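Student: Handing you a structure now.
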Amino acid sequence: MSTSSEEREEGLAFLPKFDAAGLVTVVATDAATGDVLMVAHMNDEALRKTVATGEAWYFSRSRNALWRKGETSGQTQRVIEMRTDCDQDAIWLRVEQQGAACHTGRHSCFYRRVENGADGATLAFADAERLFDPASVYRSK
């Protein structure tokens, strides 16, 4: 049974539209400050676990595995509010972030600003202090 655009855009049924890989893009922001913390992906199982537990679960494309935010680092995300966009192909999580959101040890994954330099776009650090040392948290197995 196909879902119409009208149902998806105006209805009250949660009908996430996953991409061809079975994923939906997720933007996580800090519920207290509004800071954008990270962009990740969820598959159906991660989305169901997030709704059921109130903790952020994601799907790692590089590891092809489900993961709970903070399971290795202790840098957890408690979901305060979950929203979906108009056509339900993106999710917005407002979270209570414990520690750093980024695997680099920073508060946010968005710690570099794009600037227009003489030779085109360049990057500059912005709010880039580390809250933890990733080398001590993510040890090779």
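Values quoted throughout were computed directly from the atomic coordinates according to the rules given, and no laboratory measurement underlies them. Owing to the predicted nature of the structure, the values given are computational and were not obtained by experimental measurement. Positions of Cβ are generated from backbone atoms using ideal geometry, with glycine treated the same way; all protein chains shown enter the neighbour counts.
Student: Would you kindly give the portion of the calculated P(r) for the stretch 9-58 that falls above 16 Å, as a percent of all Cα pairs? Numbers along the way, then the final one.
Tutor: On the way: 609 of 1225 pairs.
Of all Cα-Cα distances in the stretch 9-58, 50 percent exceed 16 Å.
Student: For residue 44 and residue 139, compute 0.36 nm times the residue count separating them, minus their Cα-Cα distance, and round to one decimal in nm.
Tutor: Contour length minus the Cα-Cα distance gives 31.3 nm.
Student: I've got another one for you. Using only the alpha carbons, work out the radius of gyration and Dmax of the stretch 87-141 in angstrom.
Tutor: Spelled out, the Cα radius of gyration and Dmax of the stretch 87-141 are 15.3, 43 Å.
Student: A further question follows. Can you compute 3J(HN,Hα) from phi for each residue in the stretch 106-117, using the Karplus curve 6.51 cos²θ - 1.76 cosθ + 1.60 with θ = phi - 60°, rounded to whole Hz and x for Gly and Pro?
Tutor: Values per residue, Gly and Pro as x: 9, 4, 10, 6, 9, 9, 10, 9, 8, 10, 8, x Hz.
Student: Isolated Cys in the chain by the 4.7 Å beta carbon test?
Tutor: Lacking a cysteine Cβ partner under 4.7 Å: 86.
Student: Right, next: Only bridges whose two residues both fall in the stretch 5-101 count here: according to DSSP, what percent of them are antiparallel, nearest 5? Kindly include the intermediate steps, with their values, before the conclusion.
Tutor: Numbers: 18 of 24 bridges.
Roughly 75 percent of the DSSP beta bridges within the stretch 5-101 come out antiparallel.
Student: Two decimals, Cα atoms only, Kirkwood Rh: what is Rg/Rh over the stretch 38-89?
Tutor: Over the Cα atoms of the stretch 38-89, Rg/Rh equals 0.96.
Student: Here's something else I'd like to know. Could you work out the helix-only [θ] at 222 nm for the chain, with each DSSP H run of four or more residues adding -39,500 (n - 2.57) and the total divided by the number of residues, to the nearest 500 deg cm²/dmol? Write out the running numbers ahead of the final one.
Tutor: Details: 3 runs with 20 residues, N = 141.
Counting only the DSSP helices, I get -3500 deg cm²/dmol.
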